[in-house]
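*Asks:* The structure under discussion is supplied below as structure tokens; questions concerning it will follow.
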Amino acid sequence: MIRHGESNWNRENRFTGWVDVELSETGVAQAQRGGDLLRAEGIEFDHAFTSVLRRAIRTLWIALDRMDRMWLPQTANWRLNERHYGGLQGLNKAETAAKHGEEQVHVWRRSFDVPPPPLDRDDPMHPSRDPRYRDVPPELLPSSESLKVTLGRVMPYWDEAIAPELRAGRNVLIAAHGNSLRALAKHLFAVGDKDIIGLEIPTGNPILLDLDSDLVPVTARYLDESRAGKLPVLKKAA
């Protein structure tokens with residue numbers, strides 16, 4: 001799994017969510033570094049999955065290019081999108097904290113089940129107005145999401161598309177976002193609702209997971225140890 005490289009709005013400290021922003025120069029370099037690290041591992045991937053947002057797609061493309069694997073089958077799906085930050089999208093995080101208080105913003109950002117204020121469905125940025133979601137049932141398109149809701153939309157895709165590949169013995173690469181990957185990590189590592197609050201996944205640093213036949217992690221590590229976040233304790237070792 002690899003979180004996309006730094007985006008322009010990451011650099012500007014803005015809530016991004018489903019807004020389709022581009023990678024920054026640093027983000028491009030992080031994606032290149034991630035691809036180099038993956039190539040050095042010598043893993044032959046069979047399929048790549050990503051979201052429908054360009055920062056994740058471009059991270060995947062850059063990494064595959066560095067691995068000389070641009071031909072790898074790739075599937076993009078909205079269920080791997082970043083958490084939808086509702087009415088906070090586009091706002092500067094520091095300015096939002098000054099307006100609403102740091103404690104409230106921390107709850108919106110890091111709690112498991114408290115969503116930010118919703119985006120009005122008439123807002124031009126609402127996903128129902130974006131052609132990439134035209135085949136998604138309108139009732140499934142969010143106006144705001146907590147991590148709990150994000151987990152609820154990621155898991156069906158994991159169960160229906162990604163897990164069958166793994167059970168068939170294939171190696172998969174997932175290029176996605178901080179919160180969609182946190183949702184997957186919560187499931188894979190059986191992280192509690194309170195403990196998931198402290199899990200932060202760095203941009204552009206691949207996490208290599210070896211799963212057993214039940215898709216439980218046997219080993220897990222960041223490939224760039226100098227930028228490694230703290231991974232949850234393995235269930236097998238607990």
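The values are calculated or read from the model by the stated rules, or taken from the named source; none is laboratory data. What you see is a predicted model; the values in this text were computed from it and never measured. Glycine gets a Cβ as well: all are built from the backbone with ideal geometry, and neighbour counts include every protein chain shown.
*Asks:* State all residues of region 195-238 that are modelled with pLDDT under 95, exposed (fewer than 13 other Cβ atoms within 10 Å of the Cβ), assigned to a loop (DSSP other than H, G, I, E, B) and more than 19 Å from the chain's Cα centre (by Cα); if no residue qualifies, say none.
*Replies:* Lys236, Ala237, Ala238
*Asks:* Just give me the residues in region 29-74 being under 30 Å from Ser111 (Cα atoms) and not small (Gly, Ala, Ser), in sequence order.
*Replies:* If the condition is that a residue be under 30 Å from Ser111 (Cα atoms) and not small (Gly, Ala, Ser), then Gln30, Phe49, Thr50, Val52, Leu53, Arg54, Arg55, Ile57, Arg58, Thr59, Leu60 are the ones that fit.
*Asks:* Considering region 7-39 alone, what residues qualify as being over 15 Å from Ile57 (Cβ atoms), touching a residue at least 24 places away in the same chain (Cβ under 8 Å) and either β-branched (Val, Ile, Thr) or part of a loop (DSSP other than H, G, I, E, B) (or both)?
*Replies:* Once the filter is applied, which keeps residues that are over 15 Å from Ile57 (Cβ atoms), touching a residue at least 24 places away in the same chain (Cβ under 8 Å) and either β-branched (Val, Ile, Thr) or part of a loop (DSSP other than H, G, I, E, B) (or both), region 7-39 yields Glu12, Asn13, Phe15, Gly17.
*Asks:* Can you tell me which residue among Glu165, Glu145 is acidic (Asp, Glu), touching a strand residue (DSSP E or B) at 6+ places or on another chain (Cβ under 8 Å), under 23 Å from Leu60 (Cβ atoms) and at pLDDT 95 or above?
*Replies:* Going through Glu165, Glu145 in turn, the sole match is Glu165.
*Asks:* A follow-up question, please. Can you name every residue in region 168-186 that is surrounded by fewer than 21 Cβ atoms within 10 Å (Cβ to Cβ) and touching a Lys or Arg at 6+ places or on another chain (Cβ under 8 Å)?
*Replies:* Within region 168-186, Gly178 is the sole residue that qualifies.
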